[in-house]
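Okay, structure first, notes after.
The values are calculated or read from the model by the stated rules, or taken from the named source; none is laboratory data. Note that the structure is a prediction, hence the values are computed from the model and not measured. FYI the Cβ positions are ideal-geometry reconstructions off the backbone, even for glycines, and counts take in every protein chain you see. We work out accessible area using only protein heavy atoms, side chains counted, and drop any ligands, DNA or RNA first. Shrake-Rupley method; radii C 1.70, N 1.55, O 1.52, S 1.80 Å.
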There are 2 protein chains.
Amino acid sequence: MKKKNSTQRNREQSMQKLVDAVGKIIIRDGFKNIGINAVATEARLDKVLIYRYFGGLDGLLREFAKQRDFYIKTSELINKEVEYTGKDGLKSVIIKILTGQLRELLGSRELQELMLWEMLEKNELTGAIAREREMKGFELSMALKRKMDIRNNDSDAVIALLVSGIYYLVLRSRTVDVFNGIQLNSEEGWQKVENAIKQIVNTYFNQ
Amino acid sequence: MKKKNSTQRNREQSMQKLVDAVGKIIIRDGFKNIGINAVATEARLDKVLIYRYFGGLDGLLREFAKQRDFYIKTSELINKEVEYTGKDGLKSVIIKILTGQLRELLGSRELQELMLWEMLEKNELTGAIAREREMKGFELSMALKRKMDIRNNDSDAVIALLVSGIYYLVLRSRTVDVFNGIQLNSEEGWQKVENAIKQIVNTYFNQ
DNA sequence: AATTTTAGTCACCATTCGGTGACAAAGATA
DNA sequence: TATCTTTGTCACCGAATGGTGACTAAAATT
C-alpha cells in the first residue's frame, strides 16, 4: 500500500476534515448544534463517511476530543512548583494557578463550549474528558494540602469554590454582560475578578 | 357568560395543564427537550391550543416563568437585614445569605435547569428572568458596599466570585459526583462547602 | 491486463420537528 | 329553537433529523 497525496480519494485527509468540522461548528454554533448532517455539510463530505470511518457521531467526537487535549494545562505546568515552594511562596503560586485558569478558559471558546456541554449532558464522552481534567485539579489540591497545616482540612473546598467561581463567571460571560456589577466583557471587569482572587487567597491562606 | 366547571371544554384548565406540562418536562428531561410537540403530548392536549392561547411556545414559557417566581428569594428577604446590621454582624449576614442561596438552588431542580438554560441560550425569556435575578444580587452587593470601607472597592467582586462558585458547584452536581475532591452528592460535601464559605467571609471581611 | 478493494456520491427511508387549515361538537347568545 | 362563538380533535404540510443500500470510479493487488 503506497501513500499518495493526491487531493482526491484520501482517507486520512477526509477524516481530518471531519474532525476539523466538529471544531468549527462548536466554535461557531456551540455543541448543541452538532449532528451528523451538520458535520458532513461543514466538511463538504458525505455523512456516510462518518459512519464508515468513526462508527458514528460518538466515535468522531471521541477522536475530536483526543486530538485537542481538553484540560486546563496551567495546572500541570505549575503543579510541580507547589512541591518546591516554601510556605511563604505558596500564596503566589496559588494565585498564579487560579489566574492562569481564568485566562486560559477565557481565551478558549472551544473549552468553554465543552465545559458547558459537560454540565448538562452526561455522555461517555463528556464524562471521560471531565474526569481527566478533574484529576489534574485534584492533584493540585492534594499538593496544596500536604503543604498546609493539617488541622486546616477545608483548604480544598476553598480552592474548589474559587475555581468554580472562575468557571461560572467565564461561562456566564458568553450570554451576559454584567454579573453582580462586574463587567464580564471588558478587561476591567476581569482585573477586578483577579484582584478579588488575590485578596481572598492572601487573607485566607495567612492564618 | 357563565363559568362552568365542566371537565370538558374548559379553557383556563387547559391553559394550566399546558403550563404545568412545561414544568414537568423541565424537571424530568431538562429544558433542552422542550418543544411544541413534547409539551402538547405531556399535557394530553393538541398543540394548536398552544398557538391559540399563548401565541406559540415562547408565550407559554413566559407564562410559565411568570407563575413561578424564578429568582433567589433569600436575597430579597435578608436584603434589609444588611441595612440595619452593624459592621460586626455583617459577616454573619453575608454568610447567611450565601448559604441560603446554596441551599435554595440545591433544593430546586427547576431553578437549576433554568439557570443552565440561561447560560447557553440568550432568549428574550431567559434574558428577562436572569435580569430580574441579577438585580436582586446587585442590590445586595451595593448594600454591602455602603456598609464597607470605601477604599475597599473589590468587595463586590469577592461576593460575585463566591456566588458564582456556589452556582457552579450546584449545577455541576447534576452531572458529576466529585469536584476537586468535594463530594457533590452528599450532605457531607455541602457542609464542607459551607465551611469554606464561612472561612473565606470571616477572614476576608476582617480586614 | 484483469480483478478486487476502497473512497466517495447519490438517492432514498422512517421519524420527528414546527406550523396550519378544516371540521365537529359544546356552549353561549339571540 | 336557531345562530354564532369557542373549545378541541384530526389530518396534513414542508423541512430537517439519523441512518442505510446501491452505485461509480479510483487505486491497489494479483
Check your understanding: What do you reckon, is A:L102 modelled with pLDDT of 95 or more and assigned by TED's automatic domain parsing to the domain that holds A:R174?
Key -> yes
Study note, to complete from the structure: In the stretch B:188-201, residues that are charged (D, E, K, R), without any contact (Cβ under 8 Å) to a residue 60 or more places away in the chain and more than 7 Å from chain A (Cβ to nearest Cβ) total 1
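Matching residues to (1) facing chain A (nearest Cβ under 9 Å); (2) open to solvent by 10 Å² or more (accessible area, probe 1.4 Å); (3) at negative phi:
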position	(1), (2), (3)
B:E134	yes, yes, yes
B:A143	no, no, yes
B:R146	no, yes, yes
B:D156	yes, no, yes
B:L162	yes, no, yes
B:Y168	yes, no, yes
B:D177	no, yes, yes
B:S186	no, yes, yes
B:T203	yes, yes, yes
Practice item. Could you please tell me which pairs satisfy a Cβ distance under 9 Å, a separation of 6+ or placement on different chains, a first residue in the stretch A:36-49 that is assigned to a loop (DSSP other than H, G, I, E, B), and a second residue that is within 7 Å of DNA strand C (Cβ to nearest atom)? Key: A:L45/A:S14
Revision key, fill the gap. Over the stretch A:123-132, the set of residues in a loop (DSSP other than H, G, I, E, B) and more than 10 Å from chain B (Cβ to nearest Cβ) is none
Point to revise | Test: A:L125 is more than 30 Å from A:T85 (Cα to Cα) and surrounded by fewer than 20 Cβ atoms within 10 Å (Cβ to Cβ) | key: yes
Check your understanding: Only one of A:R62, A:R44, A:R109 is modelled with pLDDT of 90 or more, within 19 Å of A:I26 (Cβ to Cβ), more than 16 Å from DNA strand C (Cβ to nearest atom) and not assigned by TED's automatic domain parsing to the domain that holds A:M148; which?
Key -> A:R62
Revision key, fill the gap. Just one listed residue, out of A:L120, A:L114, is more than 9 Å from chain B (Cβ to nearest Cβ) and at pLDDT 85 or above, and it is A:L114
